[in-house]
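Note sheet for the following structure.
The values are calculated or read from the model by the stated rules, or taken from the named source; none is laboratory data. This is a predicted model, so every value here is computed, not measured. Every residue, glycine among them, receives a Cβ derived from its backbone with ideal geometry; neighbour counts consider all protein chains shown. The protein model used for the area step is the full one, side chains on, heavy atoms only, and it has no ligands, DNA or RNA in it. Shrake-Rupley method; radii C 1.70, N 1.55, O 1.52, S 1.80 Å.
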Amino acid sequence: MSTELPVLTKKDFQSDQEVRWCPGCGDYAILKSVQTVLPELGLPKEKFVVVSGIGCSSRFPYYMDTFGFHTIHGRAPAIATGLKASRPDLEVWVATGDGDAMSIGGNHLIHVLRRNVGVKILMFNNRIYGLTKGQYSPTSEIGKRTKSTPFGSLDNPFNPLSLAIGAGATFVARSVDIFQKHLQETMLRAAAHKGTAFVEIYQNCNIFNDKAFTYMTDKGVRDDQALALEHGRPLVFGKERNRGIRLKGTQLEVIELGERHTEDDCLVWDETLDNSGMAFLLAQMTPPDFPTPIGILRSVEQPAYEDQIVAQIDHEIEAKGPGTLEDLIYSGETWEVGEDGQVT
């Protein structure tokens with residue numbers, strides 16, 4: 001009997017459900033990328049599970065012909081952690097938005113990151129609450145005028161990459177919905193990572209926050225405003241590749257390449273540094289002073305949470321023998337309440 005796996009295609013991952021995002025939404029491009037990437041992983045379709053919370057992005061499981069779970073607001077990381085811990089053999093992907101991940105589910109997110117659970121988190125960042133018709137979100141810029149901030153937001157926005165790095169994430173990356181080749185390559189790297197992979201995806205909401213990222217996505221400015229990270233390569237950008245990033249003291253700065261500086265003066269990017277300080281500095285690069293970094297900011301190897309759970313259970317079984325639920329319940333200090341209310 002042959003055990004050769006059937007060759008899957010993008011179409012195998014498309015469900016029969018009508019896609020109901022607004023016409024022109026960036027979510028379509030992200031869905032296309034995921035459905036393109038998963039067949040390349042060479043795994044049976046029944047090994048994939050897509051878990052989501054609440055929001056426009058969280059309709060994702062309906063459109064994937066895989067196992068899926070549309071959970072409650074902000075709780076996708078918790079559900080995904082339980083699933084991965086009990087079934088480490090599954091490929092668990094999480095689809096979440098900036099509100100779902102950074103606000104309602106902020107506490108769940110930081111714990112899945114620090115534990116290094118082997119799940120892949122795609123955070124669609126459109127800097128707005130789209131499903132509820134356009135309120136400012138935790139990633140909206142200061143001064144953002146929305147229905148809930150008619151005079152402009154006063155809140156400092158979260159930087160999702162900085163938050164993920166600060167929580168100890170072992171794989172942190174950023175891409176853009178319309179940069180299809182870059183997005184798919186980033187997803188493939190995330191899929192190959194052993195542990196939590198956190199990918200922020202700039203996603204245009206053309207209804208409630210249109211053109212939020214055109215400052216770095218328009219063809220006319222892309223080369224000058226986006227910095228593509230390449231491991232082992234100097235940080236150089238610009239249409240004429242005439243600008244670079246160097247480390248001066250403890251700070252990064254933009255330099256002009258030419259008479260005074262060359263590529264040799266630029267910082268050579270290393271995504272594998274154990275110390276996350278440099279990745280954090282890079283995550284803090286924001287316009288107008290810096291180009292926006294895209295690509296892999298951090299990729300380091302650490303034990304995956306689910307592997308540690310399995311190893312711990314195997315160790316205890318080997319030392320003490322198989323147990324039962326009843327033995328567990330009656331272990332340690334227990335008591336009974338009698339009919340007369342007395343505790344014995």
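If the condition is being over 17 Å from D100 (Cα atoms) and either hydroxyl-bearing (S, T, Y) or touching a residue at least 40 places away in the same chain (Cβ under 8 Å) (or both), then region 131-147 contributes only T146. Residues in region 109-122 that are outside any helix (DSSP H, G or I) and either over 11 Å from the mean Cα position of the chain (by Cα) or among the hydroxyl-bearing types (S, T, Y) (or both) were compared, and the one that is surrounded by the fewest Cβ atoms within 10 Å (Cβ to Cβ) is G118. Scanning region 141-163 for residues being of a type outside the set (G, A, S) and under 17 Å from the mean Cα position of the chain (by Cα) gives a total of 5. Taking the criterion of being buried (at least 17 other Cβ atoms within 10 Å of the Cβ) and at negative phi, the residues of region 192-201 that qualify are H193, T196, A197, F198, V199, E200, I201.
Can you confirm whether N156 is within 20 Å of M102 (Cα to Cα) and surrounded by fewer than 18 Cβ atoms within 10 Å (Cβ to Cβ)? Taking the combined requirement at face value, the residue satisfies it. The condition of being out of contact with any Leu (no Cβ under 7 Å at 6 or more places or on another chain), open to solvent by 80 Å² or more (accessible area, probe 1.4 Å), free of Cβ contacts under 8 Å to residues at least 40 places away in the same chain and of a type outside the set (F, W, Y) does not hold for P303.
For beta carbons closer than 9 Å, sequence separation of 6+ or different chains, a first residue in region 175-188 that is closer than 10 Å to I294 by Cα and in a helix (DSSP H, G or I) and a second that is open to solvent by 40 Å² or more (accessible area, probe 1.4 Å) and at pLDDT 95 or above, the qualifying pairs are H182/A228. The C-beta contact set for region 258-274 (first residue part of a loop (DSSP other than H, G, I, E, B), second residue of a type in the set (S, T, Y) and at pLDDT 95 or above, distance under 9 angstrom, 6+ apart or interchain) comprises E271/S299; T272/S299. Any idea how many residues of region 218-257 are hydrophobic (A, V, I, L, M, F, W, C), within 21 Å of T286 (Cβ to Cβ) and either open to solvent by 80 Å² or more (accessible area, probe 1.4 Å) or not in a strand (DSSP E or B) (or both)? Of the residues in that region, 3 qualify.
Among the strands (runs of 3 or more DSSP E) confined to region 1-108, the ones with at least 2 residues that are touching a Lys or Arg at 6+ places or on another chain (Cβ under 9 Å), closer than 18 Å to T196 by Cβ and not β-branched (V, I, T) are located at 91-97. For residues in region 52-94 being among the hydrophobic types (A, V, I, L, M, F, W, C), under 23 Å from F158 (Cα atoms) and in contact (Cβ under 8 Å) with a residue 60 or more places away in the chain, which is surrounded by the most Cβ atoms within 10 Å (Cβ to Cβ)? My answer is C56. If the condition is being open to solvent by 10 Å² or more (accessible area, probe 1.4 Å) and not charged (D, E, K, R), then region 36-48 contributes T36, P39, L41, G42, L43, P44. Here G295 does not fit the description of being within 20 Å of V176 (Cβ to Cβ) and either among the hydroxyl-bearing types (S, T, Y) or part of a loop (DSSP other than H, G, I, E, B) (or both). Listed by first and then second residue, the pairs linking a residue in region 6-34 that is at positive phi to a residue that is open to solvent by 40 Å² or more (accessible area, probe 1.4 Å), with Cβ atoms under 6 Å apart and 6 or more places separating them unless they lie on different chains, are G24/N206.
Remark: pairs (first residue in region 203-225, under 19 Å from P291 (Cβ atoms); second residue open to solvent by 60 Å² or more (accessible area, probe 1.4 Å) and part of a strand (DSSP E or B); Cβ separation under 8 Å; 6+ apart in sequence or on different chains) = D224/R243. Among the residues of region 40-67 satisfying the criterion of being small (G, A, S) and within 19 Å of the chain's Cα centre (by Cα), which is nearest to K133 (Cα to Cα)? Among those that are small (G, A, S) and within 19 Å of the chain's Cα centre (by Cα), it is G55. Could you figure out which of (1) closer than 30 Å to M216 by Cα; (2) open to solvent by 70 Å² or more (accessible area, probe 1.4 Å) isn't true of G295? All conditions are met except number (2).
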